[in-house]
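The values are calculated or read from the model by the stated rules, or taken from the named source; none is laboratory data. Everything numeric in this text was worked out from a predicted model, so none of it was measured. Here Cβ is always computed from backbone atoms with ideal geometry, including for glycine, and neighbour counts include all displayed protein chains. Protein only, heavy atoms only, side chains kept; ligands, DNA and RNA dropped before computing areas. Shrake-Rupley method; radii C 1.70, N 1.55, O 1.52, S 1.80 Å.
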Amino acid sequence: MSKNENNQRNMINVAFIGNPNCGKTSLFNAFTGARLKVANWPGVTVEKKEGHTHYHDHDYKLVDLPGIYSLTSYTMEETLSREYILGDDVDVIVNVVDASSLERNLYLTLQLIELGKPVVLALNMMDIVEERGMEIDLHRLPEMLGIPAIPVSARKKTGLNILMHAVAHHKDKPVDKTEHHHSEGQHIHRHHDEFVLVYSDEIEDKIDAVKNRLKEHYPDMKNKRWHAIKMLALDDEVCKKYPVEISDIADKNYESDIVAQKYDFIDEVMEECMVNRAEKSARTDKIDAVLTHKIWGVPVFLGIMALVFFFTFTVGDWLKGYLEIGLDWLFEAVAGFLAMCHVSDWVISLVVDGALAGVGGILSFLPNIFILFLALAILEDSGYMSRVAYVMNHIMGRLGLSGRAFIPMLLGFGCSVPAVMASRALENPKDRLRTIMVTPFMSCSAKLPVYVLLSGMFFGKYAVFAAFSMYVIGMVAAVLVSVILNKIMKTDHVNNLLIELPEYKTPNVRSIWIYVWEKIKEYITKAGTTIFVASVIVWLLMNFGLHGMVEDMADSFGACIGKFLVPVMKPTGLGYWQIVLALISGIAAKEVVVSSLSVLYGITNISSASGTASLVNLLGAQGFTGVNAYAMMLFCLLYVPCIATIAMIRQETKSRKWTMISVCIQLGTAWLVSAVFYQIASLFL
């Protein structure tokens, strides 16, 4: 037998499934070393992810499925997970549960056990259980559920080998013999010898009757009990796939009865297996009384975000000062080296004033970006960001909007591309389309360098408030535009948000490191690729015209493009051809606006004290004041997103028409808001 054939024979396909926020993706990362996004609210894993690991004589293909609450297909995540779990590719299901919130997680566990496939329970976050003084009876729990229950900790990487051992050992054993303390005669069917959860005699009679009916029509059907239960609950997909007349058996929809009896069994499990159950949520409830308060929840969120931006500016600017010193040295060294090599002046200008000035101008903001992502990662991993979605759900519901739509909008604080992708979590097509349209209004990290530069130059000690206001205005604009689109589309259906509020926990250093490092690496990569190319293109546009290389930039191709659009931008306070050209270049990536200003005004290190002073003087000579600067920040906040986001909108909507409509809405909103602000502010300032 060949090595490849032997590997195939020993390959075990394992599906990781669990509720949102249970640490499923963290556990998947611990096994595979994958760098998947780990966040503390639903909707992050919107597609299944695959990885591999090895333990003893077996290779494991691990599949990370979207976080779901049940196998009833109401959302796209539930549909994807259910279809995969029901397929023949899965050898073992690893049900990852948050051990500190075991009661809320066991409903899905019972549904998975009823599928009749091998299930291993991974009790994640056991370290948190211990920290809170709780205990789980690890002998009684497997007895009652009939499946292995393995304590693990994804963040400490404990219990991983034991979990894989259990997977290998139980891959052909759906359920072990269960032990329940029921008195004789309570269940006339004696089904406890076969099944973990036995329903009332009435429902068990109907399950048996439907199973017999299915056996007649579909003798090869696997797990007829599970299908019978779903048919009694009038599950649309099962009833359509296996049309069988059962009206003489089921005189009503038994879903609520089945759900209620599942939770009765969960209460029994918790009573016997969880010690100190009553005290487990005391701390979380006290904190949530303030953070999720219907009145104070939003002000607290805004206050926390304001504090985040205070540190982003103060600590970030302090670190940036040291980075600027290094960049200045690098620029001088490169210029000196090129001059020593007798390189042509125009090549030196291209390298130093074009490429290095553009890339260096962006890299100097790296400390600010680092602090911002560090703060957001801590808020996510602690469990707070799911509270923000919960609080905003109440407000958005009153506006007739989908509560689930705020999750992609929150993701938009990081990057608009995954935020647009996260709109897949919305089941209503109109809700999804509206969310895609307004998500780019959120201030992604790429816009931060523009805010830091302009607010630092023109607003002094109020720079933090000027930058922070962009985040608030972005959220307000997104909500208002969504309300208008809701009226136009006449959407009556409101998809309310079902979200689990996890227990607060100490942020995981490894998860935070992965999150921040991935974002920083992405930022640096963009500086070395997109921004590098854009800076070179801008330099070429500014130094070449119809008659070749020009001495005066006003005669260049770039100037011609900018001057053509000056009349359109004049009402917004941005009627300067250099500013217009910088904004056009920002369509490649929002950071390019800063690098373009560096190239356009010939400032090598634009974020340094001398660089910003030079830019203020050059702009001031053109009549560009603080009012113009704030109008420019507003325009950058609201206008067309980057090329990558536009491409993602096209991919998600599958429509050129709606992509163009989205671009037009954003351009129109940016122009209108900037023009209104500039015209009004100019009357008073």
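General observations
- Taking every residue in segment 319-344 that is touching a residue at least 40 places away in the same chain (Cβ under 8 Å) and of a type in the set (A, V, I, L, M) and pairing it with any residue that is open to solvent by less than 40 Å² (accessible area, probe 1.4 Å) and in a helix (DSSP H, G or I), at least 6 positions away or on another chain, the pairs with Cβ-Cβ distances below 6 Å are 319/367; 327/360.
- Condition met for residue 443 (assigned to a helix (DSSP H, G or I), in contact (Cβ under 8 Å) with a residue 12 or more places away in the chain, out of contact with any Lys or Arg (no Cβ under 6 Å at 6 or more places or on another chain) and open to solvent by less than 10 Å² (accessible area, probe 1.4 Å)): no
- Residue list for segment 659-670, restricted to those being under 14 Å from residue 569 (Cβ atoms) and surrounded by 19 or more Cβ atoms within 10 Å (Cβ to Cβ): 670
- Matching residues in segment 584-625 - criterion: being outside any helix (DSSP H, G or I), over 18 Å from residue 554 (Cβ atoms) and open to solvent by 30 Å² or more (accessible area, probe 1.4 Å): 587, 588, 604, 625
- Subset tally (residues that are assigned to a strand (DSSP E or B) and touching a residue at least 12 places away in the same chain (Cβ under 8 Å)) for segment 539-571: 3
- Condition met for residue 468 (of a type outside the set (A, V, I, L, M), within 20 Å of residue 673 (Cα to Cα) and either touching a helix residue (DSSP H, G or I) at 6+ places or on another chain (Cβ under 7 Å) or open to solvent by less than 20 Å² (accessible area, probe 1.4 Å) (or both)): yes
- Screening residue 574 against (1) at pLDDT below 80; (2) outside any helix (DSSP H, G or I); (3) over 30 Å from residue 380 (Cα atoms) leaves a single unmet condition, (1).
- Selection within segment 631-657 - assigned to a helix (DSSP H, G or I) and without any contact (Cβ under 8 Å) to a residue 12 or more places away in the chain: 647, 650, 651, 656, 657
- When residue 628 is tested against the conditions (1) open to solvent by 10 Å² or more (accessible area, probe 1.4 Å); (2) outside any loop (DSSP other than H, G, I, E, B); (3) farther than 14 Å from residue 447 by Cα; (4) modelled with pLDDT of 90 or more, the lone failure is (1).
Rundown of residues vs (1) of a type in the set (D, E, K, R); (2) within 22 Å of residue 88 (Cβ to Cβ), yes/no style:
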position	(1), (2)
209	no, no
220	yes, yes
264	yes, no
270	no, no
273	no, no
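- Within segment 22-41, tally of residues that are open to solvent by 20 Å² or more (accessible area, probe 1.4 Å), assigned to a loop (DSSP other than H, G, I, E, B) and modelled with pLDDT of 75 or more: 1
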